[in-house]
1. For residue 355, indicate whether it is more than 23 Å from residue 238 (Cβ to Cβ), surrounded by 22 or more Cβ atoms within 10 Å (Cβ to Cβ) and at pLDDT 95 or above.
2. Just need a number here: residues in the range 317-349 that are out of contact with any Phe, Trp or Tyr (no Cβ under 7 Å at 6 or more places or on another chain), closer than 30 Å to residue 188 by Cα and in a helix (DSSP H, G or I).
3. Please go through the range 241-287 and give me each residue that is more than 18 Å from the chain's Cα centre (by Cα), among the aromatic types (Phe, Trp, Tyr) and part of a helix (DSSP H, G or I), ordered by number.
4. Of the residues 7, 67, 14, only one is closer than 22 Å to residue 78 by Cβ, surrounded by 12 or more Cβ atoms within 10 Å (Cβ to Cβ) and out of contact with any His (no Cβ under 9 Å at 6 or more places or on another chain); which?
5. Hey, among 202, 234, which residue is under 18 Å from the mean Cα position of the chain (by Cα) and among the hydroxyl-bearing types (Ser, Thr, Tyr)?
6. Grab the helices (runs of 4 or more DSSP H) fully contained in the range 99-147, keeping just those with 2 or more residues being among the small types (Gly, Ala, Ser) and crowded, with 21+ Cβ neighbours inside 10 Å.
7. Within the range 254-274, restricting attention to residues that are over 12 Å from residue 216 (Cβ atoms) and either in contact (Cβ under 8 Å) with a residue 12 or more places away in the chain or in contact with a Leu (Cβ under 6 Å, 6 or more places away or on another chain) (or both), which residue is surrounded by the most Cβ atoms within 10 Å (Cβ to Cβ)?
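The values are calculated or read from the model by the stated rules, or taken from the named source; none is laboratory data. Here the structure is a predicted model, which means the values were calculated and not measured. So basically every Cβ, Gly included, is an ideal-geometry build from the backbone, and we count neighbours across all protein chains shown.
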Amino acid sequence: MPRTRTTHCPSCDTAGLVATSNPSILNCKHCHGLWFEDGSLNQAIAQQHDFIDQYNHELHLGPALRTSDRLCRRCRVPMTHYQLLAHYATEIDCCPDCDGVWLDKHEVDQVMLSPKLKQALTDLNQKVSWKSWLFQFLTAMPVEYNIRPHRTPWVTRTLVVLCGLIFGASQLSPAANEWVFLNLALNSDTQSPTHFVLQLLTYQFVHGGLMHLAGNMYFLWIIGDNLEDALGHTAFLGIYLFMGAMAALAELLLFDTSQGPLLLVGASGSIAALFGLYLMWFRHASLTFMIIIYQKKLAPQWYFLIWSLINLFGMLTAQGGVAWVAHLGGFMLGLLLGYLLRDYIFRKNPLIAMLNEPEAVVQR
């Protein structure tokens, strides 16, 4: 018997399907889902991405899950639920006879971005290797597993270079080192309000030693690129400098002046604030943690919980030489700002939003 084409929506079962600008794609005027005739979904996905000429979504589908209660609009037979990707649990409906596809309204964007979702989940689900183990064993620095930025992180690179140049200049001679710390470090005894405000910015580029510099710049390097990509260059720089200044003020607020004047240097407070942003927007990422010789991928919330407890212990035990309050204050400010900007960031970066959905399966 010939197949009968109907305008019945597979989802709401109303005669609401109407043609779009592409006659092979129908839209339901009631529930706003989309029907794709055989092959039209592949064309629609390919048109969404400049780097794709041809695409076959069936090659990337996850397992067939069960028979759907929805009927194909052409064949009037029950469709089959498939998982969109092996590691993305959104379910789509496919006809076993004519290969037509039905997408509910909330599934459309996920399916259209499925090539990028697949690549992102492949990056996130990489396993630790002997190379990552050796790197962390030798440096005590974590290895990051996150999505690849789409734009070059010029601000992050510039910040790293500036910090390196200022540190290098301070090592040229004792006089140069004294000038850098006298003029660029944050000194609580500074009398000039203008100079004090400038020091709130410049102290973030001064470091007291090579390991201090290397540790801060490494963390800035691995998380700064993703944050800069999500925010944009100008906003990232403004937020970085602002949060660094606020972290310094938190340290000043709780500093015991009986110990003498506070001399504050380093990007630690700024980077701690970035940790808060990172935790709010990139919970799908992983950072490795090493216990003696055992390396484990951790979700950011677990990694930064351990980091916070270490800083809290240092603050409560009054271990000197480290700006514990600036670290914790910057981190809390980053969490607050990350929460306030979360919806904006997700609207601006739909891939990040989708990876924060429970449908994304990240293996650690």
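1. It is true that residue 355 is more than 23 Å from residue 238 (Cβ to Cβ), surrounded by 22 or more Cβ atoms within 10 Å (Cβ to Cβ) and at pLDDT 95 or above.
2. Filtering the range 317-349 down to residues out of contact with any Phe, Trp or Tyr (no Cβ under 7 Å at 6 or more places or on another chain) leaves 317-330, 332-333, 335-337, 339-341, 343-344, 346-349.
Next, only the ones that are closer than 30 Å to residue 188 by Cα stay: 317-330, 332-333, 335-337.
Checking the rest, the ones that are also in a helix (DSSP H, G or I) come to 324-330, 332-333, 335-337.
The qualifying residues number 12.
3. Matches in the range 241-287: 242 only.
4. After applying the criteria, what remains is 7.
5. That would be 234, the only listed residue that is under 18 Å from the mean Cα position of the chain (by Cα) and among the hydroxyl-bearing types (Ser, Thr, Tyr).
6. 114-124
7. 273
Residues checked against (1) modelled with pLDDT under 95; (2) within 19 Å of residue 240 (Cα to Cα):
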site: 285; (1), (2): no, no
site: 313; (1), (2): yes, no
site: 332; (1), (2): no, yes
site: 343; (1), (2): no, no
